[in-house]
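Structure, as structure tokens:
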Amino acid sequence: MSDSRDQTTAYTYGGSGHLLTMSATPARSGTSGSYVPTGAEAISNIESLSRTLTSTGGQVIESNQYFNLSGVTYSASTYHLGSSGTNYYATTSAYDQRGRLKRTQAPTGVNKKKRGGGK
């Protein structure tokens, strides 16, 4: 939202596995002193971004934390923006045939294998 002097405020948008924070002049309706935000502002000036890719069964397959957004154009329909290691850190997960977490690959290259028995 903006204040009475039309200053911009950071917004957080979460949906479809995306979480971003941006600064933008808000779209609004109404008159001075009684503006109401409409939520129709274009996504721009992204300050932070994280994305989560899930399987059809709802398991997290990949999680990307962006640290460098320069030269990257945001697109909700393109999952990977830029390159892993250059623009974002990717953490991937794998599951066994029964849907149990089997392995997590950290962006540092460290594999964490799930150990333990189940009945």
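Overview of results
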| read-out | value |
| --- | --- |
| Rough spin-label spacing in nm, given labels placed 7 Å along Cα→Cβ, for GLU41 and ASN68 | 2.8 |
| Kirkwood-type radius of region 50-119, with distances r between different C-alpha atoms, in Å | 13.4 |
| Surface share of carbon and sulfur [accessible, 1.4 angstrom probe, percent] for region 44-89 | 49 |
| Stretchable slack from LYS102 to SER29, in nm (0.36 nm times residue separation minus alpha-carbon distance) | 21.2 nm |
| Projected-area mean, region 55-95, by convex hull of Cα positions, square nanometres | 3.3 |
| Under-5 Å amide H pairs with SER48, H placed in peptide plane, nonlocal only | THR21 |
| Nearest-10 value in Å² for the accessible area of VAL72, using the 1.4 Å probe | 40 |
| Estimated FRET transfer efficiency (VAL110, THR86; beta-carbon r; R0 22 Å; 0.05) | 0.70 |
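The values are calculated or read from the model by the stated rules, or taken from the named source; none is laboratory data. This one's a predicted model, so the numbers in the text were calculated from it and none came from an experiment. FYI the Cβ positions are ideal-geometry reconstructions off the backbone, even for glycines, and counts take in every protein chain you see. Surface accessibility is based on the protein's heavy atoms, side chains included, excluding ligands, DNA and RNA. Shrake-Rupley method; radii C 1.70, N 1.55, O 1.52, S 1.80 Å.
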